[in-house]
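Undergrad: Can you read through this structure? Questions will come right after.
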């Protein structure tokens, strides 16, 4: 836990510096680090441009299974995973048979080690897969969609295995992977939240994985916050909103609609845990509902110690879906205190219509 706390503090400091919320001490420390971070940032930009030049976009007519990339330019979350779930569900409802790709953060696949039962390091994930093996996001994708999910550091290899093992898949949606050279793609969606591109510098001096002008070459931009602003460029722009859907106890069938939970437990002592890129967004959404939990931010993709979790005060421990999948196997008495706050993205219907038209241009008419 000490290592996780230190990592969490470092991540929080970087986010303050990158996105203009730094205090005077933060800015002084960033200035002292600039002789190291700025040259590294320039190197990252050069490497990113070279990598982009090596990414191959195959002719859609020559591709048997098109790939949709849902990615971002900034390090950390911007609402990609809920959007991927919504897109996959929407495509399935439109008659497609999607398969999903994920990176598998902090999992055996992410380490580059080939785990038993894998195909060249690729792990096929379902709702029962251990998140420690495949990563929290991958298991969340499988549980929320019921669709086949493949995980590997080499997303091109993952796409190949997914297609061989699930020949019914006629489209692949990748959660992130915009910068992955080995994954050819037909459609690129760039997700942007309310933070925009921050100070517009590449890592580590700023939050960008590649220069901001990369936004000019994607097929469409999806804004995932009400006050998010799209950069000027040729890409189409769509919006997607995120809403809390249900509060569900991890052990048992007990659950509430958000307003029901707030009405019944708004005055109770609560704890809230969030191991996501922006934990404050989760805590703020609870507070907007009238809840006032003790907030416990964790680093993105952080492991959860059941002993630490059980020691948190309050009748209920609220957590995100990404955190809930990591609690599998915990003591049932603890799981009866843990409540998953399920959220769902609602993309503009025009986005799903546009995607369907791009995937099957002869079968769909674009409006």
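Undergrad: Can you name the residue in the range 218-256 that is without any contact (Cβ under 8 Å) to a residue 24 or more places away in the chain and more than 24 Å from the chain's Cα centre (by Cα) and, of all such residues, is nearest to residue 12 (Cα to Cα)?
TA: Top of the filtered list is 232.
For every residue, the table says whether it meets (1) closer than 20 Å to residue 129 by Cα; (2) in a loop (DSSP other than H, G, I, E, B); (3) modelled with pLDDT under 95; (4) outside the structural domain of residue 139 (by TED's automatic domain parsing).
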site	(1), (2), (3), (4)
285	no, no, no, yes
292	no, yes, no, yes
296	no, no, no, yes
308	no, no, no, yes
314	no, yes, no, yes
325	yes, no, no, yes
334	no, no, no, yes
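Undergrad: Being touching a helix residue (DSSP H, G or I) at 6+ places or on another chain (Cβ under 8 Å) and under 22 Å from residue 275 (Cα atoms), is that true of even one residue in the range 153-173?
TA: no
Undergrad: I'm trying to understand the selection: among the residues of the range 304-332, which are under 23 Å from residue 7 (Cα atoms) and touching a helix residue (DSSP H, G or I) at 6+ places or on another chain (Cβ under 7 Å)?
TA: 304, 306, 309, 310, 317, 318, 320, 321, 322, 325, 326, 327
Undergrad: Does residue 263 meet the test of being loosely packed, with under 14 Cβ neighbours inside 10 Å and not assigned by TED's automatic domain parsing to the domain that holds residue 137?
TA: yes
Undergrad: Next question, about the same structure. Looking at residue 143, is it closer than 29 Å to residue 298 by Cβ and surrounded by 18 or more Cβ atoms within 10 Å (Cβ to Cβ)?
TA: yes
Condition check ((1) farther than 21 Å from residue 201 by Cα; (2) at pLDDT 90 or above; (3) crowded, with 18+ Cβ neighbours inside 10 Å; (4) in contact with a strand residue (DSSP E or B) (Cβ under 7 Å, 6 or more places away or on another chain)) across all residues:
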{"position": "16", "(1), (2), (3), (4)": "no, yes, no, no"}
{"position": "29", "(1), (2), (3), (4)": "no, yes, no, no"}
{"position": "33", "(1), (2), (3), (4)": "no, yes, no, no"}
{"position": "39", "(1), (2), (3), (4)": "no, yes, no, no"}
{"position": "44", "(1), (2), (3), (4)": "no, yes, yes, yes"}
{"position": "53", "(1), (2), (3), (4)": "no, no, no, no"}
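Undergrad: Of the residues that make up the range 6-14, is at least one closer than 24 Å to residue 177 by Cα, more than 25 Å from the chain's Cα centre (by Cα) and either in a loop (DSSP other than H, G, I, E, B) or at pLDDT 90 or above (or both)?
TA: no
Undergrad: A follow-up question, please. How many residues are more than 30 Å from residue 14 (Cα to Cα) and in contact (Cβ under 8 Å) with a residue 40 or more places away in the chain if we restrict to the range 262-292?
TA: Of the residues in that region, 3 qualify.
Residues are listed down the side, and each one gets a yes or a no for (1) touching a helix residue (DSSP H, G or I) at 6+ places or on another chain (Cβ under 8 Å); (2) over 25 Å from residue 225 (Cα atoms); (3) assigned to a loop (DSSP other than H, G, I, E, B):
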residue: 251; (1), (2), (3): yes, yes, yes
residue: 263; (1), (2), (3): no, yes, no
residue: 276; (1), (2), (3): yes, no, yes
residue: 281; (1), (2), (3): no, no, no
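Undergrad: Return the residue satisfying two criteria in turn: it lies in the range 131-152 and is out of contact with any helix residue (DSSP H, G or I) (no Cβ under 8 Å at 6 or more places or on another chain) and assigned to a loop (DSSP other than H, G, I, E, B), and of such residues it is farthest from residue 81 (Cα to Cα).
TA: That would be 146.
Undergrad: Here's another thing I want to ask about it. List pairs: first residue in the range 56-76 and in the same structural domain as residue 190 (by TED's automatic domain parsing) and on the phi > 0 side of the Ramachandran plot, second residue at pLDDT 95 or above and surrounded by 12 or more Cβ atoms within 10 Å (Cβ to Cβ) anywhere in the structure, Cβ distance under 9 angstrom, at least six positions apart or on different chains.
TA: 76/207
Undergrad: Based on what the data block shows, is residue 108 on the phi < 0 side of the Ramachandran plot, at pLDDT below 90, in contact with a helix residue (DSSP H, G or I) (Cβ under 6 Å, 6 or more places away or on another chain) and surrounded by fewer than 18 Cβ atoms within 10 Å (Cβ to Cβ)?
TA: Answer is no for this residue.
Undergrad: Conditions: (1) surrounded by fewer than 20 Cβ atoms within 10 Å (Cβ to Cβ); (2) modelled with pLDDT under 95; (3) not in a helix (DSSP H, G or I). Residue 300 meets all but one. Number of the miss?
TA: It fails just one condition, (1).
Undergrad: Under 7 Å between Cβ atoms, which residue pairs at least 6 apart in sequence (or on different chains) link something in the range 297-310 that is without any contact (Cβ under 8 Å) to a residue 40 or more places away in the chain with a partner that is surrounded by fewer than 15 Cβ atoms within 10 Å (Cβ to Cβ) and outside any loop (DSSP other than H, G, I, E, B)?
TA: none
Undergrad: Something else about it: What about residue 239, is it farther than 20 Å from residue 351 by Cα, surrounded by fewer than 18 Cβ atoms within 10 Å (Cβ to Cβ) and touching a strand residue (DSSP E or B) at 6+ places or on another chain (Cβ under 6 Å)?
TA: Answer is no for this residue.
The values are calculated or read from the model by the stated rules, or taken from the named source; none is laboratory data. The shown structure was predicted, so the numbers you read here are calculated from the model rather than taken from an experiment. Using ideal geometry, Cβ is built from the backbone for each residue, glycine included, and neighbour counts are taken over all protein chains shown.
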